[in-house]
1. Kindly establish whether residue 15 is farther than 30 Å from residue 270 by Cα, surrounded by fewer than 17 Cβ atoms within 10 Å (Cβ to Cβ), within 22 Å of the chain's Cα centre (by Cα) and at pLDDT below 90.
2. So residue 315 passes all but one of these: (1) more than 28 Å from residue 72 (Cα to Cα); (2) more than 19 Å from the chain's Cα centre (by Cα); (3) in contact (Cβ under 8 Å) with a residue 12 or more places away in the chain. Which condition number does it fail?
3. Right, residue 232: surrounded by fewer than 17 Cβ atoms within 10 Å (Cβ to Cβ), out of contact with any strand residue (DSSP E or B) (no Cβ under 7 Å at 6 or more places or on another chain) and closer than 28 Å to residue 305 by Cα or not?
4. Against the condition at positive phi and either surrounded by fewer than 24 Cβ atoms within 10 Å (Cβ to Cβ) or at pLDDT 95 or above (or both), how does residue 142 come out, does it pass?
5. Could you grab me the full set of residues in region 291-311 that are under 15 Å from residue 115 (Cα atoms), touching a residue at least 60 places away in the same chain (Cβ under 8 Å) and more than 17 Å from the chain's Cα centre (by Cα)?
6. Inside region 278-290, can you point out the residues that are within 20 Å of the chain's Cα centre (by Cα) and without any contact (Cβ under 8 Å) to a residue 24 or more places away in the chain?
7. Of all residues in region 63-88, which are without any contact (Cβ under 8 Å) to a residue 12 or more places away in the chain and touching a helix residue (DSSP H, G or I) at 6+ places or on another chain (Cβ under 9 Å)?
8. Which members of region 152-170 meet the condition of being part of a helix (DSSP H, G or I) and touching a helix residue (DSSP H, G or I) at 6+ places or on another chain (Cβ under 7 Å)?
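The values are calculated or read from the model by the stated rules, or taken from the named source; none is laboratory data. In this text, all values refer to a predicted model and were calculated from it rather than measured experimentally. Backbone-built Cβ (ideal geometry, glycine too); neighbour counts: all protein chains shown.
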């Protein structure tokens, strides 16, 4: 999701690394007011760390004590997934939820508001369903649940909209007979051949730039180096091929009763071809305490969506 860039960046005032299960080191940072309302922001991807700090523009620094992490395997957390592929199996949604709990306890926070964008909304919902007593409210932009149907849409069926680009994406996957496209990319990105992983990374990231291109002011994915691109592609395909580790009894839509009394705001772009608005609509219908706002002119992020998230966060900061 693209955040507006016309406001000054809010400097972080505290940061560090926390050792969590399996010896992973999770990077965390805190900004805003030390006595403000505790809030957690969850970045997208998986594998797109909060390195730029742009997420801070969504929150009033005078009223929030804002926490963010680089999720395990990416950004300033370590080890990076591409440096320890033999440990890829340790990167799961339950593991991420455990990391969030470890950071919360480390910072001495009893309860907090949780916000996120894109993949961060899936993680926010899963976290709230696991620990509803800890989450005071949810503010979600570019909403996903990373279900099998959503993954199949974005990797297979969306070819109806972008047939030429999808044909290149499918042809470059190297899929075997009976293999889903995402399965082929996940297999190669977790493989032993560095050249093959690089080719798969390039093809995957090229496709990502296609299906999010309907957002206003679209700019291609900008990775600081090839390692960051490989981290992103490896983690996205790992989570997508495993239905975000939220299938069966852990499926988000089947567990909405766990958060039915938590207030939430769902903000989504009508032109989001990557993640059609059916997902937030279904969530809203199962979630009595939620509000749904569709931004008619935007796709998978944009300035109006950021403004709507700011308005929702301002309201929650005021106790409304």
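1. Spelling it out, it is not the case that residue 15 is farther than 30 Å from residue 270 by Cα, surrounded by fewer than 17 Cβ atoms within 10 Å (Cβ to Cβ), within 22 Å of the chain's Cα centre (by Cα) and at pLDDT below 90.
2. Condition (3) is where residue 315 drops out.
3. Working: surrounded by fewer than 17 Cβ atoms within 10 Å (Cβ to Cβ): no; out of contact with any strand residue (DSSP E or B) (no Cβ under 7 Å at 6 or more places or on another chain): yes; closer than 28 Å to residue 305 by Cα: yes.
For residue 232, the condition - surrounded by fewer than 17 Cβ atoms within 10 Å (Cβ to Cβ), out of contact with any strand residue (DSSP E or B) (no Cβ under 7 Å at 6 or more places or on another chain) and closer than 28 Å to residue 305 by Cα - is not met.
4. So residue 142 fits the description; yes.
5. Once the filter is applied, which keeps residues that are under 15 Å from residue 115 (Cα atoms), touching a residue at least 60 places away in the same chain (Cβ under 8 Å) and more than 17 Å from the chain's Cα centre (by Cα), region 291-311 yields 307, 308, 310.
6. Within region 278-290, 278, 281, 284 meet the criteria.
7. 83, 84
8. 154, 155, 158, 159, 165, 166, 169, 170
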